[in-house]
Amino acid sequence: MSETGNVPGTLNVMRRLWTPAWIARHVAMVVLVVGFLGLGWWQISRAAAGNSLSWGYAVEWPIFAGFVVYVWWREVKLARRKAVEADAPPADPAVEPAPAVTTGSRPAVRRPVRVSRVPAGGDVVEDTDLAAYNHYLSWLNANPGARPGDYPG
């Protein structure tokens, strides 16, 4: 334990939450929460004055403030977890086996799907509706100014 009673390394983790980007996030969270709660109070005063629609807004603004606090708390927790993992000493591969790669740890390699244009059976069955539609499309392509009603087939 260090002099402040914290676990060693915790001070380093907390320092990462006081970078200029994090200070801006902390300030934005405080400004948004105070603003949303102020707007909620304003809606309560309007509702008390007789505007019944304001009762719904008076409930919504504190919910928005709670959502901002939740997102901020989640991001702080995630940043602390990443900082602890980054500060952890690297594992000795001779002592510990490498962790198994899971689906979520890195992007999966996607292989293209190959589709055969010829049926596997060897017997080619002609689809007359498909052939007629393809003929119609090729006729439209050959006659760019034509209307669908001009098709001779």
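In the stretch 31-47, the residues that are more than 14 Å from Ile63 (Cβ to Cβ) reach residues that are aromatic (Phe, Trp, Tyr) with C-beta atoms within less than 7 angstrom, at least six apart or across chains, in these pairs: Ala47/Trp55. Cβ-Cβ distances below 7 Å connect the following pairs, each with a first residue in the stretch 72-84 that is at negative phi and assigned to a helix (DSSP H, G or I), a second residue that is surrounded by 15 or more Cβ atoms within 10 Å (Cβ to Cβ) and of a type outside the set (D, E, K, R), and a separation of six or more residues or different chains: Trp72/Met29; Val76/Leu17; Ala79/Leu17; Arg80/Val13; Ala83/Val13; Val84/Val13. Taking the criterion of being assigned to a helix (DSSP H, G or I), at pLDDT below 75 and not hydrophobic (A, V, I, L, M, F, W, C), the residues of the stretch 1-24 that qualify are Thr10, Asn12.
The values are calculated or read from the model by the stated rules, or taken from the named source; none is laboratory data. Because the structure is a prediction, the values reported are computed rather than measured. So basically every Cβ, Gly included, is an ideal-geometry build from the backbone, and we count neighbours across all protein chains shown.
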